[in-house]
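Nothing in this text is a laboratory measurement; each read-out follows from the coordinates by a stated rule. Predicted, not measured: the structure shown is a model, and the values here were computed from it. Note that each Cβ is placed from the backbone with ideal geometry, even for glycine, and that neighbours are counted across all protein chains shown.
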């Protein structure tokens, strides 16, 4: 059964890269009764542990989402900003944004003759307030905002913001709540700052020093009009990564995930992503090296306010995480 | 303030000997404990009251050039080390190698340039260094491939409390760090003079690996974009408006709570500060915060106009504000209960 309430809560929670406090608190609340140990490291990674005397396994899903950061508040009460994570100016026009304090704004542009030349510097946020003093008091350089959009669900799919990677968090939370009976020493990590370069995973990987690491993150699909050429599709099952720009999955990890899928009747597909990377990138290079892999959730329309994934795929991913945790 | 001496030394990334030797001598004079690590970082220790491990970093290296070829006429072809502003290279006076052979960067005369070439800055491969010789053999007696080249630029104080020199990025940080170490504060911190920042934050990474700081404080010379043609919202920092606190750059998303704490310390002590409002660039904080188990970091910078050129300009007032603020931040973090 898909836990819509949890997924909606995760998607709606504020947490751009470097400002993960609220999403971290939400997840702590959700999992604290199910874990043996829970801690937050200096960068803000949330590290939950199910103790065991066996193999040390680290799962990582990132808590942070893409957003914008205010760089200037002008005399007229407009805000200038730059992107936090992979956002392009042309995809931002007209979008509704929301700040940690609940205040909102909409993205407007300076008059431009040539739309192709639209850059971040030509955009500004109108926060709908004519009282300049109020703007000065409530919006400061360094404040971040994220997409505001309505969570929506059909029989098959979810359309929401920050599915990247709150759906990964959802999967780890659900797997953790049904942690398999095992000797393995399992760490469920909810990492920070993935969208700006997988920074949290680097320090978490160092601290935990695992024998095996598996990132759980979204991936692109090739099943939409004019999309990239890619085999991955919605409803194709859990995507077992083979490579992306940050990682060539250890063959034994790929084989293990394939074996576990087949043994447990888990629907899976292979994924080769020709761009991007995940937490497994820095983790597999940590210390003496860590055999690492990725379980991906096929997701359309990535890095927008409406990312789309299949609920069935999510169920398969949860099963695969549980199987790997207990293997 | 040690800026005159520090800016007139050569220290292109990977070849920081002169700067390191100067700093070593100063540390001996003020009787400060230090060691040199394998990459060449100078790691000084100011012992005192301690709650946490603090690493204060300033990089010794500067952007410069390196000799890659000597042509048949004895002219020297070169490459950039670090992010050199190519527009400013032509007609500059440089010093080549350990013996500081004077040279000028040249190119063909303006009369010989095609229409397309005029009005454009010349790319590095169209430029050469002329050391006044007229044969390959003669040049080879004075210069070898691999020799480092730095700008020749005198330190000058001028105008309204302003200074001009080369390598203000980051000799301003080195100078402030030396002053902090001279104060003998009863607050524990490591003062790290790092190598190879300009080629990718390399020294800071190994230094942080050794020290495992809880808090990293990076002292920098950063870009000032307060020129008339720049819109207000693009002015990264403004010269004369105080210590610049970073909120985000390409290498670090700063913990906003730590940044606001530093801003509050500035306010409480009447120290002028501003935010560095650009997402671009990066400094040693990027390496420090991601090393081992991770660390909190803050960058406190001095705005520099014409950075990465031979004639950077900064304000002595900003320098004083960065010095005072850094001191207060260290004291605040190590104060007793």
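By other beta-carbon atoms within 10 Å, ranking A:134, B:158, B:193 with the fewest at the front produces B:158, A:134, B:193.
Based on the alpha-carbon gyration tensor of the protein assembly as shown and its eigenvalue square roots a ≥ b ≥ c, which shape applies: rounded if a/c is under 1.5, prolate if not and a/b is larger than b/c, or oblate? Write down the numbers at each step before the final one.
On the way: a/c = 1.66, a/b = 1.63, b/c = 1.02.
Taking the square roots of the gyration eigenvalues as a ≥ b ≥ c, the protein assembly as shown is prolate.
Take every pair of alpha-carbon atoms less than 8 Å apart whose residues are at least six positions apart; their mean separation over the length of chain B yields a relative contact order of 24 percent.
May I ask you to derive the relative contact order of chain A, considering only C-alpha pairs under 8 Å and at least 6 residues apart, and to give it as an integer percent?
Details: 786 pairs, mean separation 74.6, N = 327.
So the answer I get is 23 percent.
Using C-alpha pairs below 8 Å separated by at least 6 residues, the relative contact order for segment B:261-337 is 28 percent.
If you rank A:130, A:203, B:252 by fewest surrounding Cβ atoms within 10 Å, what's the result?
By the 10 Å Cβ count, ascending: A:130, A:203, B:252.
Nearest 10 degrees, 0 to 90: what angle lies between the long axis of helix A:251-263 and the longest principal axis of chain A (Cα atoms)? The two axes meet at around 80 degrees.
Under the rule a/c < 1.5 gives rounded, and otherwise a/b versus b/c splits prolate from oblate, where does segment B:64-151 land using the Cα gyration tensor? Since a/c reaches 1.5 but b/c is at least a/b, the shape of segment B:64-151 is classed as oblate. Sorted fewest first by neighbouring Cβ atoms within 10 angstrom, B:116, B:261 come out as B:116, B:261.
So for chain B: antiparallel DSSP bridges make up what percent, rounded to the nearest 5?
On the way: 39 of 62 bridges.
About 65 percent, rounded to the nearest 5.
In chain A, the longest principal axis of the Cα atoms and the axis of helix A:163-177 are about 40 degrees apart.
With respect to chain B, whose longest principal axis is taken over its alpha-carbon atoms, helix B:202-211 is tilted by about 30°.
What the Kirkwood sum gives for chain A is a hydrodynamic radius of 20.2 Å, with every pair of different alpha carbons counted. Across all directions, the average flat footprint of the convex hull enclosing the Cα atoms of segment A:67-147 is 5.0 nm². Histogrammed with a bin width of 10 Å, the alpha carbon distances of segment B:215-314 distribute as 16, 47, 30, 6, 0 percent, first bin at zero. Kirkwood radius and radius of gyration were both taken over the C-alpha atoms of segment B:139-232, and their ratio Rg/Rh is 1.05. Report the Cα centroid-to-centroid distance between segment A:263-327 and segment B:38-99 in angstrom, as an integer. If we compute the Cα centre of each part, the gap is 43 Å.
Averaging Cα coordinates gives a centre for segment B:297-315 and one for segment A:202-254; these two points are 41 Å apart.
Annotation: average projected area of segment A:208-268 is 5.3 square nanometres, based on the convex hull of Cα atoms across all directions.
Out of all Cα-Cα pairs in chain B, roughly what percent, to the nearest whole number, are more than 39 Å apart? Working shown, then result.
Details: 8692 of 56616 pairs.
Result for the distance tail: 15 percent.
Between segment A:62-109 and segment B:108-143, the C-alpha centres lie 47 angstrom from each other.
For the protein assembly as shown, DSSP calls about 65 percent of its internal beta bridges antiparallel.
Entry note: segment A:103-250 has Rg to Rh equal to 1.04, where both radii use alpha-carbon atoms and Rh is the Kirkwood radius.
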